[in-house]
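Worksheet: one structure, shown below.
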Amino acid sequence: MTNDLILFGLAAAVFLVIAGLGFALPGGSNGDRAVRRLRTLDTARPTSRLRKVPKDESAARRKKTQAMLNKLREQGKAQRQTGLLNTVEAKLMQAGLNMTPKTFWLISLVLGSMSALGTWYSGAEGPPPILGIEIKSQPAMIVAALIGGGLGLPHWVLAMLAKRRNKKLLSQFADGIDIIVRGVKSGLPLTECLRIIARESPAPLGPEFTQLTDNIQMGTAIDRALQQFYKRVPLPEVNFFVIVLSIQAKSGGNLSEALGNLSTVIRSRKMMREKIKALSSEAKASSMIIGALPFAVAFMVYLTTPDYIMDLFITSTGHMILFMSTCLMAIGIAVMRKMISFDI
C-alpha cells in the first residue's frame, strides 16, 4: 500500500511538471500574451513610419504644384498686360494665316491707298455740319477712307477669322483630350498621344497639334512648346490644358484623371455657353428689332412724305437731332449688348 502511494505521488508530480511545462511553452498567461502583443506593435512601428513618407511627399508635391500654378498664372497675366497675345504676329497665328506681319502691313497699305484713291476719284463730299462745325469736304473723306481701309478693315477681318478658327478648335478640343486620356490609360506615352491627335483630328485642331509635336521633337522643352501653343490659341480651355501638362511634366501625378476632369469641365463650359446663348436669344432679337426700327420708320416716312423727313438732312437743327439720336442709339445698343454678354 505504501509503495502504491509513493507511485501515485510520483505520477502526480510528473503530471504537474508536464502540465506546467505545457502552460509555459505555448503561451502561458494573459500577461505573456500582452507582452507579445506589445512586441508585435513595436516591430510594426517602423512600417507605420514608412507609411508617413508618402504623405510628406504628397504635401511637398502639392506645394510644388501650387508654386508652379502661381508662376503660370503670373506668366499669363504678364502676357495679357503686355499685349503679347494681341500683336499682329499673334493674331495672324491665331487666324491660321501663313503670312508675316510685313506682308500684312503691306496689304493694309494697299487697301488704304485704294480706298483713298477711290474716294478722291469719286469726288465724295464731306459729312454735313454737325452742331455748327463744318468739316472740309474731300480731304476729310480721303483721310477717313485711308484710315478705315488701311487700319480698320484689315484688323476687323483678321479678328473675325481668328475668332471663327478659335471657336471651331474649341468644339474639337474636348475630343482631343479624350484621346489623350484613353491613350495614357492604355499605356501609351504622352508624345504618342499627341501624335495621334495630330494625325487623326481635322483642322484646325490637327495642324495645331502637329506643330506642337514638331516643336517637341526638334528639342523644344515641353513647357515652351505648350506656351507657344497657347499663344497661337489664347483660349481659357487651352490655358487649363497647358497648366495640367506643365505641372504633370515637373511634379508628376495621375495625368489621365486630371485630363479626364479637364475634359468634363470643357464640355460643361460648352453646355453652359450654349444654354446662355439660347436664353439670351430673345434679348438679342429684341435688340436687333429695336435697333432697326428707327431706320425702318425713317425709310417708310421717306416713301410716304419725303419733304417731311428731308429737313433732318438739309437743316442744321436736323443735323443736331440726327447726331443726338445716333449717340443715344449707340449708348442703348452698348447697354443691351452688355446685358446679354456673359463671360464664362
Practice task
Give Met329, Met300, Met336 a once-over and let me know the one that is free of Cβ contacts under 8 Å to residues at least 24 places away in the same chain and among the hydrophobic types (A, V, I, L, M, F, W, C).
Solution key: Met300
Handout entry: Qualifying position, being polar (S, T, N, Q), assigned by TED's automatic domain parsing to the domain that holds Leu106 and closer than 30 Å to Leu111 by Cβ, among Gln248, Gln217, Gln172, Gln211
Key = Gln211
Exercise for the section: Kindly indicate whether Met272 is out of contact with any helix residue (DSSP H, G or I) (no Cβ under 9 Å at 6 or more places or on another chain) and either outside the structural domain of Leu188 (by TED's automatic domain parsing) or within 22 Å of Pro236 (Cα to Cα) (or both). Expected result: yes
Practice task
Could you please tell me which pairs satisfy a Cβ distance under 7 Å, a separation of 6+ or placement on different chains, a first residue in the stretch 258-273 that is farther than 10 Å from Ile177 by Cβ, and a second residue that is surrounded by fewer than 16 Cβ atoms within 10 Å (Cβ to Cβ)?
Solution key: Arg269/Ile344; Met272/Ile344; Arg273/Ile344
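Yes/no matrix, rows are residues, columns are (1) modelled with pLDDT of 90 or more; (2) among the hydrophobic types (A, V, I, L, M, F, W, C); (3) assigned to a loop (DSSP other than H, G, I, E, B):
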| position | (1), (2), (3) |
| --- | --- |
| Gln172 | yes, no, no |
| Asp175 | yes, no, no |
| Ile180 | yes, yes, no |
| Val184 | yes, yes, no |
| Ile197 | yes, yes, no |
| Asp214 | yes, no, no |
| Gly219 | no, no, yes |
Handout entry: Residues (surrounded by 15 or more Cβ atoms within 10 Å (Cβ to Cβ) and either touching a Gly at 6+ places or on another chain (Cβ under 7 Å) or farther than 23 Å from Ala162 by Cβ (or both)) located in the stretch 221-249
Key = Ile222, Asp223, Asn239, Val244, Leu245, Ser246, Ile247, Gln248, Ala249
Handout entry: Count - residues of the stretch 206-252 that are under 17 Å from Ser263 (Cα atoms), in contact with an Asp or Glu (Cβ under 7 Å, 6 or more places away or on another chain) and without any contact (Cβ under 8 Å) to a residue 40 or more places away in the chain
Key = 0
Handout entry: Scope the stretch 287-326; condition surrounded by 10 or more Cβ atoms within 10 Å (Cβ to Cβ) and charged (D, E, K, R); matching residues
Key = Asp311
Problem - Extreme residue, modelled with the lowest pLDDT, among residues of the stretch 274-286 that are surrounded by 13 or more Cβ atoms within 10 Å (Cβ to Cβ) and part of a helix (DSSP H, G or I) - result: Ala283
Handout entry: Which listed residue is assigned to a helix (DSSP H, G or I) and under 30 Å from Pro189 (Cβ atoms), from Thr317, Thr264, Thr326
Key = Thr264
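The values are calculated or read from the model by the stated rules, or taken from the named source; none is laboratory data. Predicted model, so just to flag it, every value in this text is computed and none were measured. No Cβ is skipped: glycine too gets one built from the backbone with ideal geometry, and neighbour counts run over all protein chains shown.
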